[in-house]
1. Going by the structure shown, is A12 exposed (fewer than 15 other Cβ atoms within 10 Å of the Cβ), among the aliphatic types (A, V, I, L, M) and assigned to a helix (DSSP H, G or I)?
2. Can you tell me which residue in the stretch 136-145 is surrounded by the fewest Cβ atoms within 10 Å (Cβ to Cβ), limited to those that are in contact (Cβ under 8 Å) with a residue 60 or more places away in the chain and among the hydrophobic types (A, V, I, L, M, F, W, C)?
3. Can you tell which of A129, A194 is at pLDDT below 90 and under 23 Å from A64 (Cα atoms)?
4. Tell me whether the stretch 151-162 contains one or more residues that are modelled with pLDDT under 80 and closer than 29 Å to R204 by Cα.
Amino acid sequence: MLTLETLLGFLAVAVVITLAPGPDNLMVLGQSLARGRAAGFGIAVGCALGCFTHTLWAALGVSAALASSPTAFLLLKLAGAAYLGWIGVQTLRHAAAPRLTSLAAGAREPWWHYLRRGFIANAINPKVALFFLAFLPQFTDPARGRPALQMLQLGLVFAAQTILVFGALAFAAGGVGRLLARRPGAGIWLDRCAGLLFIGLALRLVLDGVAFGSES
């Protein structure tokens, strides 16, 4: 069992990591601005579930196996880039329809669709898997029980604070997006920015993947 001191120390570090600019909070920000608070919160919960999936992988040794296979690492990164790129293209296609505002379109799409997007984008990112593999063991103590069980506890804490931090970001950005959408044509431009953001994240993953492949 983890001590309260360990849990509080881990929570403080986890919040700082979650607040640092990265693909997940950029997705939450972009979708909240373009599609509203519910969409951003769906992405937030999906990312949190993806983080806990990486915790399971780390506890079961899957992440360690992935780290030992450069080919599997590269293929998974390219798959993640393809998925993000597909979301970006679909968002841009939707933005080309001037008869719908972005917030109205977001209301027409089920909330769990955004949760699924956030989960898949996070869960298939091998860089996140390796991060959890290196990060979680630093807060475990074999003398206090099974390390795998302690890692699962830490993963639950990380997922919970992710929902709170990203949820707050979705709430704030969604309010800004609602104000901007009141202006004619603003909804279309919000969708275009969100689409370009996803495509940019995809290109970043591709370039990182090529660099990793050239080094291996």
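1. Yes: the conditions hold for A12.
2. The extreme case among them is F139.
3. Criteria check complete, one pass: A129.
4. No, the stretch 151-162 has no match at all.
The values are calculated or read from the model by the stated rules, or taken from the named source; none is laboratory data. Small disclaimer: the values here were computed from a predicted structure and weren't measured. Cβ atoms come from the backbone with ideal geometry, glycine included; neighbour counts cover every protein chain shown.
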